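Asks: Quick one: the structure is below, questions incoming.
Each reported figure results from applying straightforward, stated rules to the coordinates on display, with no laboratory input. Computed from a prediction, not measured in an experiment: that's the story for all the values here. Neighbour counts run over all protein chains shown; Cβ positions are idealised from the backbone, glycine included.
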Amino acid sequence: MKRFLCAVLFLAILLTVVSCGSSPVTPLPDAEDVQAMPLPTPVTVQEASGAGADDGRLRLSVIVPKEARGFASEAARMAEARAEQLSDEVSFFRADCSSGEEMAAALRAAAARKDDAVLLYPGFEGVEEAAQQVIDAGAVLVSLDLPLACEGAYRIRGDDSALGTAAADFAASRLSADSDVAVLVPEVEDAQALDRAEAFCEELRAASPGTHVYEYATGSTREECRITFAALLYGEIELECVFVPNDELASGVLTALEEARRDDVGLVLSCGGKQEYLKALRDSKSRTLASAVYAPFLGSKAVDFALEILAGGAVDPVRVLPAEIVQRLNCAPYIMEESRY
């Protein structure tokens, strides 16, 4: 009896092992099989941006160096404001970049998005290759103010010599024939300042041959300019007018005049359109202040320029904005509380 029970138990165990071993086992693929296996289809993730979806509007980007205040920041702000006015036909994306690498990445992203137009302030070196990719992708690329070594790029800029010439014409119309005029030029290498100062001196001497033009070197900051001009105020020359090539230096001149309590220098001329100086010329009662400008609306005009190109208009690759003289009588449209310039 015991032998019978043992035999039954043995058969039951054997049947169980056979049953488990009969389940199919999938073999692992060898190396050749793995290489031949198809890769999974990648999922496309669209980058979120202000340019929005493909809704029929033109895609416009502005790419600038990251700065709290300054020319590039103001140009971007004006471009964005203009794009908002045209929001029915334009979608807008803005990138503020802290380095050349970030700017190149933003340009490549614009090419990947297939933006229709890109406004670029090339404030970093080494972005030309990425900018060329934008052009090769079919976008209109407009460089703001600065030149850009790319084939097919457009540029919108001011004429620094024209600013100096306009300031000189303004001075000649308000000074006596034998006035003494001081021109302060930064010692540092500054092509814009040099072009403005040279044009001013040349035009003023031609327009008013009896005027005495004295050129002086100064530093590149308002404080350095204040010190330079303060010394001139106690010299032998009886100055009636002073010209400086930018509004930052002009603020130093105004500080020196206020500290010396001098009202005899009746005309202060500058270039740029910086908001601080424009407000000073608006509020000035003791002397005439003026600024020759092209910058305040460069960003908005760049948007219109890009749209004109996209519309197929015959345009020159470089658009030069005219110089305008801002003084107290016409300064209201140029003074904007939201400006970052």
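Asks: When averaged across all projection directions, what area in nm² does the alpha-carbon convex hull of the stretch 143-190 cover?
Replies: Directional mean of the projected Cα hull area for the stretch 143-190 stands at 5.2 nm².
Asks: Could you sort the peptides 191-203, 154-166 by per-residue average Cβ neighbour count (10 Å cutoff), highest mean leading?
Replies: Descending packing order for the listed peptides: 154-166, 191-203.
Asks: To continue, here is another question. For every other residue with a beta carbon closer than 14 angstrom to the beta carbon of ILE135, add +1 if it is Lys or Arg and -1 if Asp or Glu, then tell me the sum.
Replies: That works out to -3.
Asks: ALA332 to VAL318: extension gain in nm, 0.36 nm per residue of separation minus the Cα-Cα distance?
Replies: Stretched fully, the ALA332-VAL318 segment lengthens by 2.1 nm.
Asks: FRET efficiency for SER173 and GLU236, Cβ-Cβ distance as r, R0 = 30 Å, nearest 0.05?
Replies: Calculated transfer efficiency: 0.65.
Asks: Then there is this: Tell me, how many Å apart are the Cα centres for the stretch 144-216 and for the stretch 234-307?
Replies: Value for the Cα centre distance between the two parts: 13 Å.
Asks: Under 29 Å between alpha carbons, and skipping anything fewer than 8 positions from LYS114 in its own chain: which lysines qualify?
Replies: Straight-line reach from LYS114, under 29 Å: LYS66, LYS301.
Asks: Still on this structure: Per 5 Å bin from zero, what fraction in whole % of the C-alpha pairs of the stretch 193-239 is there, up to the bin with the longest pair?
Replies: The percentages, shortest bin first, are 5, 18, 21, 22, 22, 10, 1.
Asks: By its C-alpha gyration tensor, with a ≥ b ≥ c as the square roots of the eigenvalues, how is the stretch 70-192 shaped: rounded for a/c under 1.5, else prolate for a/b larger than b/c, else oblate?
Replies: Verdict is prolate for the stretch 70-192.
Asks: Oh, and also: At q = 0.17 Å⁻¹, what is the base-10 log of I(q)/I(0) for the stretch 160-293 according to the Debye formula with one equal point scatterer per Cα and no solvent? Please give it to two decimals.
Replies: Evaluating at q = 0.17 Å⁻¹ gives log10 I(q)/I(0) of -0.81.
Asks: Still on this structure: Within 10 Å, count the other beta carbons around each residue, average over each peptide in 178-184, 268-274, and list them highest first.
Replies: 268-274, 178-184
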